[in-house]
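Some notes on the structure that comes next.
The values are calculated or read from the model by the stated rules, or taken from the named source; none is laboratory data. The structure displayed is predicted, hence computed values, not measured ones. All Cβ positions, even for glycine, are placed from backbone atoms using ideal geometry, and neighbour counts span all protein chains on display. Side chains are part of the model used for accessible areas, which takes the heavy atoms of the whole protein and leaves out ligands, DNA and RNA. Shrake-Rupley method; radii C 1.70, N 1.55, O 1.52, S 1.80 Å.
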Amino acid sequence: MVALTSMVDYNVEEGVAVLTLNNPPVNALSQGVRQGLKDGVEKALADDSAQAILVFCEGRTFIAGADISEFSSGPMEPNFHAVLSTMDGSPKPIVAAIHGTALGGGLETALCCNYRVAVGSAKFGLPEVNLGLLPGAGGTQRLPRVVGVEKTLAMVTSGVPIGAAEAHKLGLVDQLVEGDLRAEALAFAKDKAAQGGSHPRVRDNDDKLQSAKDNPEIFAATRKMLARKTRGFLAPEYNIRCIEAAVNQPFDEGLKTEGKLFAELMSGPQSQAQQYFFFSERQAGKVPGLAEDAKELPIAKVGVIGGGLMGGGISMNFANVGVPVTIVETSQEALDRGLGTIRKNYENTARKGRLTEEAVEQRCGLIQGTLDMADLADCDLIIEAVFENMAVKKDIFTRLDGIAKQGAILASNTSALDLNEIASVTSRPESVIGLHFFSPANVMKLLEVVRGDKTSDAVIKTGMALAKRIRKVAVLVGVCPGFVGNRILFMRQIEASKLALEGAPIEQVDKVLFDFGFPMGAFQMGDLAGLDLGWDKDNSNPMDVKDRLCELGRRGQKTGAGFYDYDEKRMPTPAPVTAELFAEVAAAQGVTQGDISDEEILDRCLLPMINEGAKILDEGIAVRASDIDVTYVYGYGWPVYRGGPMHYANSLGLDKVLAKIRHYHESTGDDFWAPSPLLVSLAEQGKRFK
Ligand code: 3HC
């Protein structure tokens, strides 16, 4: 065995040169891997004892792509093309032995091999679009020549990988292996060498491009289909252009087009934001300072108090991964309604072909209902998901304290209330944690894990691990009103209302936010959540337009009217009554109404969010700036191609952000705009949020 680099070994076995890659955790194509692959192929070509070449990866996976952490340091030799053209030019057959995930540059490497052998659990994909990129090592030119144009378009624009069985059917995998991958791939390579003759090269076969040549409308149809979903993103369109080039240009020209468009994306702000986000998401799961000996607690049975939309959605997350759930409701009618909604949700998914009938039954079977909280006595985790009322929550936790077994985790799904106060009514505040799910809880990826003053490290570790188990992304936050997500959102909503009071039509405010990339604006979001959330009919504020709308029975989308009027398809139209109410309240408060520019609207909506994020960091409520960004992208629809509020602030420049915040502070004299000391200090030192 010869070590070509620290990451690639060379060894000839039974006439096959085996290049063994070892670059944990995911065998990314770091410089040492690229160098080793290139040197290994060149060595094998000069080695008379080798008649074939096998690329095999140690560890949990085949190459999962380029090394994303190298992107920021600029190109390092050898570049992908130098490596892959060496492989492409090999007269000796090269076989890729694939397990785990062949993604991005990994699949592109495999496509430069003459043959691909894989285990049944392997996955194949070009997920570069998720990083704001396109496959830049020939993937857009080679994949359509193997799986066809239509399939490639689906794969590169969604980034979703396909399984080994499908890859085999499509011709991407030559042989599926059931036994020992290395041994069978070696035998396969030996066979191919023995057969002699020339070996197929993906680049030479244009057959599968023909149907798209005959049917160029496929590109327009793809663009149309994706328009809504990919609004604001550059990378999906660039990926499509590359596949068009594969169809319309000779291979080498197509490669050049791919290279040019790849470079454009790579140097642009969207990809930088998305690459930052890739690492931020993974970072969020790591909690510094937890006791190493604190052990994760086993969660085999879950109780959920409240079977409404929230409780039902939360329960589905657990049933989806095979964990039995007991839902507690206060009446049989509410329980039946809750369980019925869950079943309906599953059946809808099944109708769309995304779940089998058996799976529907199996998941529904895992969710039981009861009217008796005592039935939760054997649960390892109990999540309270009733409406936001401190007295009610305290009553529930007092009762739970007498029912739950010792060591059980008692969680509240509160979105804003003081978790320490809730925990204080129990004899075991160390077992109390916040698990703030976002609505719809079975869909939204974010989970705010709220750490109370006394929450134990073991309970925090369990909360974070649990999120991963139910396929959520967890962000650890401390206790303050609204935690991280809602506390920041309050700032935007307050300023949006002020803008409307000063004369900006709500549809203008919403359009500015929509154009920035949010799925909807502040007022549409209010209507979706329900304007009566937190509204107290007996203490309705006549100076608050939201309260006034509630008094009129306009409580949001659910009542067909809120800030907007809604038709049967829930499409909003501006409601004159809303503008009248804002004008009336403005007059009563002596606020002059006038035109407000889109630019001012954007600044006034986003800058308070950044400022609040800085305060949250300063107070230690969030562990790191990137956690705030993860919260905003996964919980509030902040466009990932802008990275999140803290990344966005960094990209604008903190000095510029501070100057604008100071301008509004001085011009309004309102403490709302007082800049965070952290922001001031970072901006004055020319630093960024970290
Ligand atoms: N580069 C650098 N680091 C990577 C990486 C990559 N391509 N892929 C994963 N990692 C790191 C992660 O940051 C993480 O590091 P950490 O432990 O320090 O946090 C570690 O590997 C494990 O990753 P995950 O926690 O995500 O592990 P999972 O088992 O959940 O998932 C995976 C594994 C499916 C491979 C997932 O990591 C993944 O999707 N990776 C990205 C794949 C990708 O996007 N490839 C394309 C890259 S771009 C490219 O190839 C350009 C080319 O066309 C020129």
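Give me a count of the residues in the range 16-40 that are away from the ligand (no atom under 14 Å from the Cβ), surrounded by fewer than 24 Cβ atoms within 10 Å (Cβ to Cβ) and part of a helix (DSSP H, G or I).
3
Identify all residues within the range 519-547 that are more than 34 Å from the chain's Cα centre (by Cα) and open to solvent by less than 50 Å² (accessible area, probe 1.4 Å); write none if there are none. Can you show your working first?
So the first thing to find is which residues in the range 519-547 are more than 34 Å from the chain's Cα centre (by Cα), and the list is 536-545, 547.
Result: SER540, VAL545, ASP547.
Can you tell me which of GLY171, GLY89, GLY159 is at pLDDT below 95 and either open to solvent by 20 Å² or more (accessible area, probe 1.4 Å) or under 23 Å from SER72 (Cβ atoms) (or both)?
Working: GLY171 fails: at pLDDT below 95; GLY159 fails: at pLDDT below 95.
Result of the check over GLY171, GLY89, GLY159: GLY89.
Limited to the range 41-69, what total is found for residues that are within 11 Å of the ligand (Cβ to nearest atom) and among the aromatic types (Phe, Trp, Tyr)?
1
May I ask you to list pairs of residues, at least six apart or on different chains, whose Cβ atoms are under 7 Å apart, with the first in the range 39-65 being hydroxyl-bearing (Ser, Thr, Tyr) and the second being at pLDDT 95 or above and within 16 Å of the ligand (Cβ to nearest atom)?
Short answer, once both residue conditions are applied: THR61/VAL26; THR61/ASN27; THR61/HIS99; THR61/GLY100; THR61/THR101.
Residues are listed down the side, and each one gets a yes or a no for (1) away from the ligand (no atom under 11 Å from the Cβ); (2) not in a loop (DSSP other than H, G, I, E, B):
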| position | (1), (2) |
| --- | --- |
| PHE71 | no, yes |
| PRO78 | yes, no |
| HIS81 | no, yes |
| LEU84 | no, yes |
| VAL95 | yes, yes |
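What residue, among those in the range 370-389 that are outside any loop (DSSP other than H, G, I, E, B) and more than 32 Å from the chain's Cα centre (by Cα), is surrounded by the fewest Cβ atoms within 10 Å (Cβ to Cβ)?
Within the range 370-389, the first condition is being outside any loop (DSSP other than H, G, I, E, B), and the residues that meet it are 370, 373-376, 381-384.
Restricting the remaining residues to those that are more than 32 Å from the chain's Cα centre (by Cα) gives 370, 373-376.
On the way: THR370: 15, MET373: 19, ALA374: 10, ASP375: 16, LEU376: 25.
Out of the qualifying residues, it is ALA374.
Which helices (runs of 4 or more DSSP H) sit wholly inside the range 181-241 and have at least 1 residues that are in contact (Cβ under 8 Å) with a residue 24 or more places away in the chain and over 22 Å from GLU258 (Cβ atoms)? Explain how you work it out, then say what you get.
Details: elements: 181-195, 210-214, 217-226.
Of the helices (runs of 4 or more DSSP H) lying wholly inside the range 181-241, those with at least 1 residues that are in contact (Cβ under 8 Å) with a residue 24 or more places away in the chain and over 22 Å from GLU258 (Cβ atoms) span 181-195.
Out of the range 638-673, which residues are in contact (Cβ under 8 Å) with a residue 60 or more places away in the chain and either open to solvent by less than 20 Å² (accessible area, probe 1.4 Å) or farther than 22 Å from VAL477 by Cα (or both)?
TRP638, PRO639, TYR641, ARG642, GLY643, GLY644, PRO645, SER651, TYR664, PHE672, TRP673
Looking for something part of a loop (DSSP other than H, G, I, E, B), open to solvent by less than 50 Å² (accessible area, probe 1.4 Å) and in contact (Cβ under 8 Å) with a residue 12 or more places away in the chain - is there at least one such residue anywhere in the range 485-502? So that I can check it myself, show each step before the final result.
Just the residues of the range 485-502 that are part of a loop (DSSP other than H, G, I, E, B), to begin with: 502.
Next cut, open to solvent by less than 50 Å² (accessible area, probe 1.4 Å) only: none.
No; the residues of the range 485-502 include none that is part of a loop (DSSP other than H, G, I, E, B), open to solvent by less than 50 Å² (accessible area, probe 1.4 Å) and in contact (Cβ under 8 Å) with a residue 12 or more places away in the chain.
Go through the range 271-317 residue by residue and tally those that are touching a residue at least 24 places away in the same chain (Cβ under 8 Å), open to solvent by 30 Å² or more (accessible area, probe 1.4 Å), within 16 Å of the ligand (Cβ to nearest atom) and part of a helix (DSSP H, G or I).
Total meeting the criteria: 6.
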